Amino acid sequence: MIYFDNAATSFPKPREVNREVLRCLTCYGGNAGRGSHALSLAAAEKIFECRERVAELFSVFDPARVFFTMNTTHSLNTVIKGTLKQGDHVLISDIEHNAVYRPIYKLAKEGKITFDIYPSMICDERASPTRICAGIARMIKPKTRAVIATWASNICSYTLPVAEIGAFCHRHGIRFIVDGAQGAGHIPLDFDGAETDALCLPGHKGLLGPQGTGAVLLGKDFSIDTLMEGGNGVNSLEGDMPEFSPERYEAGTLPAPALAGLCEGIKWISERGIDSISEHEKKLFRYAREKLCNMNGIKLYAPEYEGSVLLFSVDGVPSETVARRLDEEEICVRGGFHCCPLGHKMLGTDKDGATRISFGVFNTEREIDIFVDALRKIKQN
């Protein structure tokens with residue numbers, strides 16, 4: 001099987017990830033923070049190591065500002081609903097995933113907030129950090145509380161200039177929230193240096209951990225309200241959640257086996273270097289782009305932006321059919337709308353969707369050759 005759906009979840013995982021998940025389940029899988037016995041303490045130690053590795057990878061000075069969630073969507077809902085108050089105004093980009101768009105849409109539909117959509121300039125050859133920030137500036141209102149940006153699109157390899165947007169927001173006293181679903185593990189980021197208030201991450205995509213893992217990185221002096229309350233083994237006689245991170249945001253049992261695997265995934269990435277991983281994925285992107293550009297009846301979307309994600313369509317063949325036919329050839333891709341209606345509207349694929357291939361650290365050029373041959377068969381039939 002050839003797996004080109006790493007933007008949904010990375011597969012396969014490094015052997016070290018699989019081994020550590022099993023080791024936790026069989027050797028030290030106690031409930032962290034719920035007891036002073038050896039198994040509970042061992043699980044807590046592994047979770048703390050994972051927290052430290054996340055902090056180190058993203059240049060966060062204090063690991064306590066890292067708290068764990070189930071996935072990026074959980075992270076974004078926690079931050080969005082913990083930040084925005086009645087009457088607030090928020091700005092989101094025109095390529096945001098539904099993990100941002102739907103929580104914002106619901107809050108607006110309920111009359112709690114208002115929002116506007118600023119231009120990412122994804123289809124504008126004049127795009128620059130200065131122009132994107134100028135587009136945001138034109139939409140700021142007296143009650144604008146936050147700007148939200150996807151670090152990297154999930155339907156192409158376009159990236160937003162998060163460091164520049166963060167600096168702009170802080171100059172204007174506005175909170176800045178980043179969806180890091182497609183950037184984490186693919187693109188280096190100095191979190192503390194980027195003036196970001198919250199970075200929301202998946203553990204199961206570019207960080208190579210198991211599904212059911214995610215994280216939030218909180219900026220300095222930034223506290224949000226809680227989305228969930230419950231036991232965490234701290235101040236158990238009090239009705240309020242603690243005021244300090246990470247315990248304030250980690251209600252209930254943490255998935256120690258999954259976080260043990262995530263810890264090893266981050267370790268694996270750190271040893272190889274994100275720059276090296278990124279260059280490998282860009283090399284595959286360029287190779288696939290060249291092959292597809294030489295095929296009649298294939299349209300590429302935003303191919304000038306190199307990265308781990310390439311979007312295309314086949315003339316006369318629905319994207320879901322393309323994905324199904326490739327699956328019959330044991331090639332995993334994704335067709336349809338990819339939970340990103342705003343982005344598809346910008347790329348002009350909001351009517352029929354498009355097919356996405358997304359590369360990971362274990363993919364090869366030989367796999368792309370096999371994929372291209374399979375695509376030729378689909379076109380001919």
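The values are calculated or read from the model by the stated rules, or taken from the named source; none is laboratory data. Predicted model, so just to flag it, every value in this text is computed and none were measured. Positions of Cβ are backbone-derived with ideal geometry, glycine not excepted, and every protein chain shown enters the neighbour counts. All accessible areas refer to the heavy atoms of the entire protein, side chains included, with ligands and DNA or RNA removed. Shrake-Rupley method; radii C 1.70, N 1.55, O 1.52, S 1.80 Å.
Okay, here's what the table says:
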item: Count of region 235-253 residues which are on the phi < 0 side of the Ramachandran plot, part of a loop (DSSP other than H, G, I, E, B) and open to solvent by less than 40 Å² (accessible area, probe 1.4 Å); result: 6
item: One residue from V66, V79 being over 14 Å from V178 (Cβ atoms), open to solvent by less than 10 Å² (accessible area, probe 1.4 Å) and touching a strand residue (DSSP E or B) at 6+ places or on another chain (Cβ under 7 Å); result: V66
item: Scan of region 145-197 for residues that are charged (D, E, K, R) and over 17 Å from L342 (Cβ atoms), ordered by number; result: R145, E164, R171, R175, D190, D192, E195, D197
item: S128 being open to solvent by 10 Å² or more (accessible area, probe 1.4 Å) and modelled with pLDDT of 95 or more; result: yes
item: Residues within region 348-369 that are open to solvent by 70 Å² or more (accessible area, probe 1.4 Å) and either basic (K, R) or within 22 Å of D275 (Cα to Cα) (or both), tallied; result: 3
item: Every pair of residues 6+ apart whose Cβ atoms lie under 8 Å, when the first sits in region 110-136 and is on the phi < 0 side of the Ramachandran plot and among the hydroxyl-bearing types (S, T, Y) while the second is open to solvent by less than 50 Å² (accessible area, probe 1.4 Å) and assigned to a helix (DSSP H, G or I); result: T114/A108; Y118/I132; Y118/G135; Y118/I136; S120/I132
item: Qualifying positions in region 106-125 - β-branched (V, I, T) and either open to solvent by 40 Å² or more (accessible area, probe 1.4 Å) or within 18 Å of K345 (Cα to Cα) (or both); result: T114, I117, I122
item: Residue within region 17-26 that is among the polar types (S, T, N, Q), modelled with pLDDT of 95 or more and within 23 Å of C200 (Cβ to Cβ) present; result: no
item: Hits in region 263-318 - residues which are of a type in the set (D, E) and part of a loop (DSSP other than H, G, I, E, B); result: E304, E306, D315
item: Boolean, D275 is touching a Gly at 6+ places or on another chain (Cβ under 6 Å) and open to solvent by 30 Å² or more (accessible area, probe 1.4 Å); result: no
item: Residue in region 325-343 that is touching a strand residue (DSSP E or B) at 6+ places or on another chain (Cβ under 8 Å), over 13 Å from I368 (Cβ atoms) and of a type in the set (A, V, I, L, M, F, W, C) present; result: yes
item: Selection within region 1-53 - aliphatic (A, V, I, L, M), within 30 Å of S157 (Cα to Cα) and assigned to a helix (DSSP H, G or I); result: V17
item: Criterion violated by N296 - all others in (1) modelled with pLDDT of 95 or more; (2) at negative phi; (3) open to solvent by 60 Å² or more (accessible area, probe 1.4 Å) satisfied; result: (1)
item: Filtered residue count, region 145-196, keeping only those that are under 16 Å from the mean Cα position of the chain (by Cα), among the charged types (D, E, K, R) and under 18 Å from H89 (Cβ atoms); result: 0
item: Matching strands (runs of 3 or more DSSP E) fully within region 143-216 where at least 2 residues are open to solvent by less than 30 Å² (accessible area, probe 1.4 Å), out of contact with any Cys (no Cβ under 9 Å at 6 or more places or on another chain) and more than 24 Å from L259 (Cβ to Cβ); result: 144-150
item: Matching entry among A302, A260 (being closer than 30 Å to N381 by Cα, of a type in the set (G, A, S), buried (at least 17 other Cβ atoms within 10 Å of the Cβ) and touching a residue at least 40 places away in the same chain (Cβ under 8 Å)); result: A302
item: Pick from region 83-105, criterion assigned to a loop (DSSP other than H, G, I, E, B) and over 13 Å from K143 (Cα atoms), ranking: most open to solvent (accessible area, probe 1.4 Å); result: H97
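One line per residue, one yes/no per condition, for (1) within 21 Å of the chain's Cα centre (by Cα); (2) of a type in the set (A, V, I, L, M):
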{"residue": "D221", "(1), (2)": "no, no"}
{"residue": "L227", "(1), (2)": "yes, yes"}
{"residue": "N235", "(1), (2)": "no, no"}
{"residue": "D240", "(1), (2)": "no, no"}
{"residue": "E243", "(1), (2)": "no, no"}
{"residue": "P255", "(1), (2)": "yes, no"}
